[in-house]
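The values are calculated or read from the model by the stated rules, or taken from the named source; none is laboratory data. Quick caveat: nothing in here was measured; it's all calculated off a predicted structure. Positions of Cβ are generated from backbone atoms using ideal geometry, with glycine treated the same way; all protein chains shown enter the neighbour counts.
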Ligand code: E4P
């Protein structure tokens, strides 16, 4: 399962790309607005940091199909070439735009997915990814992981090529359970990357290794002993 970053915060993207195996970046209008900066230079900077081997998913701000397609074409020219996906919310206009974007050779992620049938229809329109929102479903006493597991099952039954890019996470348990569904990718905020690898026993273990080594070798490191 791939891990993407759900942020447009440049320093966080730099740090996460340095330390974690980040497969790409996803944004939406809320995430972009939080940065409160020039949009064009922000997405250029993000592309510059992540390169062309990582995915970049940028959400449309339009609602009519013709405008969504225009935005997708221009964004594709600006930051596309490889691994660019226009994120389109699942509406009738969105489905029309998705089909047209695919015909123009532009990657499509259908977003704001809350049901299994939305995901299946998005796949029929040719979407490369569907983005179901886990935590927002959990917040309304639904079950985000269950929805994703049924989307995965329906996709398998229908031999669908569309991949699941699960979104909207607030904790590691949600990610673990989504991983068990066979979802292709998750997009998470930078704090959750740190939470994914945190366990106090890991730090106890590292402390013990350091103490045992120091008892015999003092402050010498491996390189001091083999040079
Ligand atoms: C990604 O596609 C979504 O826009 C995002 O993950 C939503 O997350 P939120 O529910 O934390 O806003």
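Among the residues of the range 110-138, those identified as touching a residue at least 60 places away in the same chain (Cβ under 8 Å) and closer than 15 Å to residue 161 by Cα are 129, 131.
Among 103, 18, which is more than 15 Å from the ligand (Cβ to nearest atom) and within 23 Å of residue 124 (Cα to Cα)?
103 is the lone residue from the list that is more than 15 Å from the ligand (Cβ to nearest atom) and within 23 Å of residue 124 (Cα to Cα).
Of all residues in the range 78-86, none satisfies being over 23 Å from residue 184 (Cα atoms), within 16 Å of the ligand (Cβ to nearest atom), modelled with pLDDT of 95 or more and within 19 Å of the chain's Cα centre (by Cα). The single condition from (1) within 14 Å of the ligand (Cβ to nearest atom); (2) surrounded by fewer than 20 Cβ atoms within 10 Å (Cβ to Cβ) that residue 59 fails is (2).
Residues that are assigned to a helix (DSSP H, G or I), under 19 Å from the mean Cα position of the chain (by Cα) and either away from the ligand (no atom under 16 Å from the Cβ) or within 22 Å of residue 84 (Cβ to Cβ) (or both) within the range 117-145 comprise 119, 122, 123, listed in sequence order. Within the set 175, 192, 197, the sole residue that is closer than 17 Å to residue 23 by Cα and in contact with a strand residue (DSSP E or B) (Cβ under 6 Å, 6 or more places away or on another chain) turns out to be 175.
Among the residues of the range 163-194, those identified as in contact with a helix residue (DSSP H, G or I) (Cβ under 7 Å, 6 or more places away or on another chain), assigned to a loop (DSSP other than H, G, I, E, B) and away from the ligand (no atom under 11 Å from the Cβ) are 181, 182, 183.
Among the residues of the range 82-111, those that are in a loop (DSSP other than H, G, I, E, B) and either farther than 13 Å from residue 55 by Cβ or in contact with a strand residue (DSSP E or B) (Cβ under 8 Å, 6 or more places away or on another chain) (or both) comprise 83, 90, 91, 104, 105, 106.
Working carefully through the options 148, 79, 160, 154, find the one that is over 17 Å from residue 174 (Cβ atoms) and in contact with a strand residue (DSSP E or B) (Cβ under 9 Å, 6 or more places away or on another chain). Even if it seems obvious, please write down each step before you answer.
Numbers: 148 fails: over 17 Å from residue 174 (Cβ atoms); 160 fails: in contact with a strand residue (DSSP E or B) (Cβ under 9 Å, 6 or more places away or on another chain); 154 fails: in contact with a strand residue (DSSP E or B) (Cβ under 9 Å, 6 or more places away or on another chain).
Within the list 148, 79, 160, 154, the selection yields 79.
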